[in-house]
Every structure is written in structure tokens, then in C-alpha cells.
Amino acid sequence: MVPLVAVVAVPRAQLFACLLRLGTQQVGPLQLHTGASHTARKHYEVLVLGGGSGGITMAARMKRKVGAENVAVVEPSERHFYQPIWTLVGAGAKQLSSSGRPTASVIPSGVEWIKARVVELNLDKNCIHTDNGKEISYRYLIIALGIQLDYEKIKGLPEGFAHPKIGSNYSVKTVEKTWKALQDFKEGNAVFTFPNTPVKCAGAPQKIMYLSEAYFRKTGKRSKANIIFNTSLGAIFGVKKYADALQEIIRERNLTVNYKQNLIEVRADKQEAVFENLDKPGETQVISYEMLHVTPPMSPPDVLKTSPVADAAGWVDVDKETLQHKRYPNVFGIGDCTNLPTSKTAAAVAAQSGILDRTISLIMKNQTPTKKYDGYTSCPLVTGYNRVILAEFDYKAEPLETFPVDQSKERLSMYLMKADLMPLLYWNMMLRGYWGGPAFLRKLFHLGMS
């Protein structure tokens, strides 16, 4: 599949190259982890559940704290993906191959990779069980199991993805189907959905809408496309400053947004999507589509839902400032699997990792954690093939911006950061435990402005 390279022809500016130099003096050459352990030890000082962004980042940080031989990561997947780039893959602006690397290459050198799936947590005995029958104990446990995609909760899925005209940027199996549906679009409704559950990267469902509209304009199909965003939410975005900017884009580009509409069924053979009106339960509407992008319902991983680590909704129940578990002092959570009341993004994980590093350091010394997580998260709202609104905010849904410009404006510089700089930071700094978010940049800019 050939990516869309003609939509925007701009050189890859070195606008943020200076950022890449920050911290590189600490980063050694990449060391390849040689593979999964077949004779995993039964006890580790620090056991990390999950090999996603939060798990790998914390494994790298814990390696420096207690030594690689005392840290293990439990993760069944052979490949690790930088998922934020899938928005651009679904729009043909990036190749899927650029988003993934072997898990063995991102596990910190010397850290044990236990290639298995967690099936039970026994927190009272400080141990977990895996699907290959192993019992592994720990002194400190970091839970970073991510979020679960529940396509099957929509009638007609996931089997409906076997049909054309339908895709989803949330799965490695379906993201390229989005690009195919976009290319094959002829005339009719292009429909984009947002489910009635928490999701990771809550801006992504509308990012692909803006990119699709831009693609239709560039390819002369815009007049034949009726673009519809059906969201279960009651607002386009949770932070007013950015919501106002998005509403202006929606108006200017003649996009239709329907609120409180939840996708409950896909009839892929008929190219029909069925939505329930959340304000009037039981009332449904059928929309025919020429293209459909599905954002699936999501939930905590099943292993957590019935675990003592979970709150009533199934999320890891942590203190929102320290990320320490509320009932088990040697257990910690990070990222999408937690009940932290902020948007679930890789940027949030980066900020959380620095806080959690400090928290665990003090706990190990029998001291009280002092560093507090303010809920920082970021959502680069891609509004075209060369424009991004960089939303950054905190627990209070108040802007917490890094740069000394109005970030509610669409900018090429922010697009370049999203498309090119952030993947570099992710692979080369964050996963090695050297990127804890842009808080120090905010201080630098603010000092420079004072």
C-alpha cells in the first residue's frame, strides 16, 4: 500500500532538533535484549506487568535503581508498537512498518523478559500467576497492562472488518483498512465514531475525520462526501480552549457532529451502521456509509476486573498524585489501566513515569512520596496533513502548555513534532527511561519570558 506523499510536500525541518540533544549524554548505544526467558526466576525485586509504553519505561528506570538482574517484565507480545502514529498510518501519511519493533529490542538490556500472559494477581502473597503455569513473586509490583479493545461489544464486529469500506486506527490488524477505505471512497457518507466508554487517545477518533476531509479535498472528492462524526460524548473536547478551536474548524469545513450517539451494530454486508441515542435509550438510527471508521469500546484488561487491585469499575486503584496503590503500598500503577482521572495517552505515561520513579525511590527508603502528578496529558489534534493543535492540560481540564505560543492554533511546527520528533523521543529516550514529559521545557520557556 503506497502512502499519501503528495498531499503535503514540506521538508522535515530540524525545528526541534535541540530537544533531542537533551539527555542524550545519558543514553548509551541501543542494546538488544536477546530473548525471552524459559527459566524465569521465581522472585524479583521489581516485577513489571505489561511491555507497553508504561511497562518498558518503568523497567528501564527500575534497572538503574535496583539492577537489571532484579527486574522482570511480563509481556506475551512479540512486537512493541508506537501506537500514536497509527492516526497517520490510517490516513496514508506513514507506513505501518515504521510503528513497530521486536519486543526483544525494547526490553532493557539485562532485564528478564517473561514471555507469558498474567492470569491472576495474588497481592496478599505478593505474587502473580501466568498462563504457562508459573508463579512469580515480587517485592514491588508495577502494573502497566494497558487497556483492552472490545470490538466484540459492537454487534457485527470484529467479523465485519472482513468487508471493505470499514477500518479502525486502534488495531494493528485494521489500521491499514482505514487507508484502503479512504482511497476507495467514491460518494456518500464518511462516518466516524466515538464509543460510550473510556478510550485511549480520546482525540484520535476525530483526528482521522479531519485527515479524511483533507484527503477528500486534495483528491477532488470533497463535494461528494458527507462527513459525519457520531460521538457518545456531549462535547467535541473536554478542554474549552481547544474545543472552541475545533468547533471553528468543524464549522469552516462543513462537518456534521452528532452528540450522544453510540455505535451498537455494524451491518458490513449492507454498509450500514446502527447508533443508539443515549439521551433516549432504545431509540436507534441506521446510517448508510461509504466509509466507516470505528473506535471500539474499551475496558480494563479482564485479569484486572476481578482482581483485588481494581476499583469498582475494574481499573487499577491508585493515588492520583503518587501512583501508589491505595490499599497495597508495594503496588503501583501507570498508564491506561489505572483510574487516574486524566486522558489516557503516551504523553501522560511519560509524565507519570517521572513521578512514579520518584515515588518508588522514596518508598524503597521507607519515606513518604512528595512528588505529585498534576494530571498532565497531551493530545496532538491532527487537523490536516500538515497541521496540529497541540492540546496539553491537567486534572482540572485547564491548559498546561509547553510552548510560548497559542497552542489552540493549527501549526505546521506542531505537526512536525507529532509526525517526526515524538517517535524519536519515544524510541530513543522515553523507552530508555530518560523522558519524563516536557515539564522542564515549560520552566525553561517561562523563565525565558520572565
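General observations
- Only one of the listed residues (406, 336, 420) is of a type in the set (D, E, K, R) and within 20 Å of residue 48 (Cα to Cα). That residue is 336.
- Number of the exception - residue 73 against (1) open to solvent by less than 50 Å² (accessible area, probe 1.4 Å); (2) assigned by the TED database to the domain that holds residue 188; (3) in contact with a Gly (Cβ under 7 Å, 6 or more places away or on another chain): (2)
- Annotation: of all residues in the stretch 173-193 being in a strand (DSSP E or B) and out of contact with any Lys or Arg (no Cβ under 8 Å at 6 or more places or on another chain), the one that is farthest from residue 229 (Cα to Cα) is 189.
- The listed residue being more than 30 Å from residue 169 (Cα to Cα), in contact (Cβ under 8 Å) with a residue 12 or more places away in the chain and in contact with a Phe, Trp or Tyr (Cβ under 7 Å, 6 or more places away or on another chain), out of 138, 82: 138
- Taken as a whole, the condition of being in contact with a Phe, Trp or Tyr (Cβ under 6 Å, 6 or more places away or on another chain) and open to solvent by 10 Å² or more (accessible area, probe 1.4 Å) does not apply to residue 358.
- Here 138, 170 are screened, and the one residue that is within 27 Å of residue 346 (Cα to Cα), assigned to a loop (DSSP other than H, G, I, E, B), open to solvent by less than 20 Å² (accessible area, probe 1.4 Å) and not β-branched (Val, Ile, Thr) is 170.
- Scope the stretch 206-225; condition open to solvent by 10 Å² or more (accessible area, probe 1.4 Å), hydroxyl-bearing (Ser, Thr, Tyr) and touching a residue at least 60 places away in the same chain (Cβ under 8 Å); matching residues: 215
- Condition check for residue 268: closer than 22 Å to residue 151 by Cα, at pLDDT 95 or above, of a type in the set (A, V, I, L, M) and assigned by the TED database to the domain that holds residue 50: no
- Any chance residue 318 is closer than 28 Å to residue 162 by Cβ and out of contact with any helix residue (DSSP H, G or I) (no Cβ under 6 Å at 6 or more places or on another chain): no
- Test: residue in the stretch 201-211 that is outside the structural domain of residue 406 (by the TED database), of a type in the set (Phe, Trp, Tyr) and closer than 27 Å to residue 265 by Cα: yes
- Selection of the stretch 395-436 for residues being basic (Lys, Arg) and outside any loop (DSSP other than H, G, I, E, B) yields 411, 418.
- Counting only residues that are open to solvent by less than 10 Å² (accessible area, probe 1.4 Å) and in a loop (DSSP other than H, G, I, E, B), the stretch 314-330 holds 2 of them.
- Residue, surrounded by the fewest Cβ atoms within 10 Å (Cβ to Cβ), within the stretch 331-350, restricted to residues that are assigned to a helix (DSSP H, G or I) and in contact with a helix residue (DSSP H, G or I) (Cβ under 7 Å, 6 or more places away or on another chain): 346
- Enumeration of residues in the stretch 150-167 that are of a type outside the set (Phe, Trp, Tyr) and either open to solvent by less than 50 Å² (accessible area, probe 1.4 Å) or modelled with pLDDT under 95 (or both): 150, 154, 156, 157, 160, 165, 166, 167
- Top-ranked residue of the stretch 273-313 - restricted to ones that are among the small types (Gly, Ala, Ser) and out of contact with any strand residue (DSSP E or B) (no Cβ under 6 Å at 6 or more places or on another chain), ranked as most open to solvent (accessible area, probe 1.4 Å): 312
- Unique residue being free of Cβ contacts under 8 Å to residues at least 60 places away in the same chain and not charged (D, E, K, R) when the list is 203, 234: 234
- First in the stretch 380-401 and more than 24 Å from residue 322 (Cβ to Cβ), second anywhere and open to solvent by 30 Å² or more (accessible area, probe 1.4 Å) and modelled with pLDDT under 95, Cβ under 7 Å, 6 or more apart: 385/8; 386/8; 386/10
- Look at (1) assigned by the TED database to the domain that holds residue 313; (2) open to solvent by less than 80 Å² (accessible area, probe 1.4 Å) and you find that residue 193 fails only one, number (1).
- Once the stretch 226-262 is narrowed to residues that are basic (Lys, Arg) and over 23 Å from residue 378 (Cα atoms), the residue that is surrounded by the fewest Cβ atoms within 10 Å (Cβ to Cβ) is 251.
- Residue within the stretch 114-128 that is free of Cβ contacts under 8 Å to residues at least 40 places away in the same chain, charged (D, E, K, R), in the same structural domain as residue 363 (by the TED database) and assigned to a helix (DSSP H, G or I) present: yes
The values are calculated or read from the model by the stated rules, or taken from the named source; none is laboratory data. This structure is a prediction, so every number in the text was calculated from the model and none was measured. Methodologically, a virtual Cβ is constructed for each residue, glycine included, from the backbone with ideal geometry; neighbour enumeration extends over all protein chains shown. These accessible areas exclude ligands, DNA and RNA; they are computed on the full protein's heavy atoms, side chains included. Shrake-Rupley method; radii C 1.70, N 1.55, O 1.52, S 1.80 Å.
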